[in-house]
Amino acid sequence: MTAERAKTLEALGILPESADSFAQKTEITRAEFAYIAARAAGCSDMSGGDDSAYFLDVADDSKYKNAIGSAVKLGLMRGTDEYTFEPDRAVAYTEAIKVTLCLLGYEWMAEASGGYPSGYIKAASMTKISLGIPSKTDVTRRDMFVMLYNAMLTNIMESDSYTADGNTYRVNKDETFLSINQGIYYNTGVLTAAEQMGIKNIIPTEDDEVIIDDKLKAAIDAYYEQYGVKE
């Protein structure tokens, strides 16, 4: 299951390298997580290099410099102090939770629940992004695969209106960070027939055809339609 989740993240372009290569190590660094967070947020060009220029421990030739700057620019991550980012340090469990919740718009809920770190831990439990991940000091790559996969199925929270007391928020049940940033919508359907086989006496299909909800469609087109992938 973990390998499948890793492959899914690779296919979405979220990982900094292939899933097989990325999974070779156990820990995940803050620099690597900055890349993953920025990509998950829909940042494709990683043009935030200037926003990491003041971190004295981020080298100019670091392959993660622009990713770090982009994550900072998006408000997903910040330095460990004014001039350092600690790019090579392993990501802490609470850090990973905070970044993922910010990606989903649940920072307000987490702050209202007690702030960092206890409020974020509570919000992670409520949204189920931490489901299947034991509480620990640092996050492993396996943990990250699980957390981001959980996040892909979590509806985002958006600002709903502004009042004298501040913004109000609501969960948007029609959107996830994948739909907003990747144009991909999660959906379910029943595959009732495919090439060379049928179910309940439905006639088997020809090459590159499937039947979904009793309607014959080209397999690729059906996939795009069913899962909302934008070409």
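The values are calculated or read from the model by the stated rules, or taken from the named source; none is laboratory data. Keep in mind that this is a model prediction, so the values were computed, not measured. Here the Cβ positions follow ideal geometry from the backbone for every residue, glycine too, while neighbour counts run over all protein chains shown. These accessible areas exclude ligands, DNA and RNA; they are computed on the full protein's heavy atoms, side chains included. Shrake-Rupley method; radii C 1.70, N 1.55, O 1.52, S 1.80 Å.
Taken together, Ala38, Ala59, Ala71 contain a single residue that is touching a Leu at 6+ places or on another chain (Cβ under 9 Å), at pLDDT below 95 and not basic (Lys, Arg), which is Ala38. Sort out which residues of region 133-160 are small (Gly, Ala, Ser) and open to solvent by less than 50 Å² (accessible area, probe 1.4 Å), and write them in order of number. The one that is small (Gly, Ala, Ser) and open to solvent by less than 50 Å² (accessible area, probe 1.4 Å): Ala151. For region 77-95, the set of residues classified as within 13 Å of Ala38 (Cα to Cα) and crowded, with 22+ Cβ neighbours inside 10 Å consists of Met77 only. Anything in region 1-50 that is of a type in the set (Asp, Glu) and open to solvent by 50 Å² or more (accessible area, probe 1.4 Å)? List them, or say none. Glu4, Glu10, Glu17, Asp20, Glu27, Asp45, Asp50, listed by residue number. Would you say Val72 is closer than 23 Å to Gly13 by Cβ, outside any helix (DSSP H, G or I) and either among the polar types (S, T, N, Q) or open to solvent by less than 40 Å² (accessible area, probe 1.4 Å) (or both)? No, not satisfied. Whether any residue in region 166-186 is touching a Lys or Arg at 6+ places or on another chain (Cβ under 7 Å), at pLDDT below 75, in a strand (DSSP E or B) and not basic (Lys, Arg) is what I want to check. No; the residues of region 166-186 include none that is touching a Lys or Arg at 6+ places or on another chain (Cβ under 7 Å), at pLDDT below 75, in a strand (DSSP E or B) and not basic (Lys, Arg).
Kindly indicate whether Ala110 is under 21 Å from Asp160 (Cα atoms) and open to solvent by less than 10 Å² (accessible area, probe 1.4 Å). So Ala110 fits the description; yes. Criterion applied to Tyr106, Tyr64 was being in contact with a helix residue (DSSP H, G or I) (Cβ under 6 Å, 6 or more places away or on another chain), among the aromatic types (Phe, Trp, Tyr) and within 23 Å of Val171 (Cα to Cα), and the one residue passing it is Tyr106. Can you find a residue that is in contact with a Phe, Trp or Tyr (Cβ under 8 Å, 6 or more places away or on another chain), in contact (Cβ under 8 Å) with a residue 24 or more places away in the chain, within 27 Å of Ile156 (Cβ to Cβ) and not in a helix (DSSP H, G or I) anywhere in region 53-64? For region 53-64, residues in contact with a Phe, Trp or Tyr (Cβ under 8 Å, 6 or more places away or on another chain), in contact (Cβ under 8 Å) with a residue 24 or more places away in the chain, within 27 Å of Ile156 (Cβ to Cβ) and not in a helix (DSSP H, G or I): present. Only residues that are closer than 20 Å to Cys102 by Cβ and in contact (Cβ under 8 Å) with a residue 60 or more places away in the chain were counted in region 12-52, giving 11. Being part of a loop (DSSP other than H, G, I, E, B) and polar (S, T, N, Q) is a description that does not apply to Asn150.
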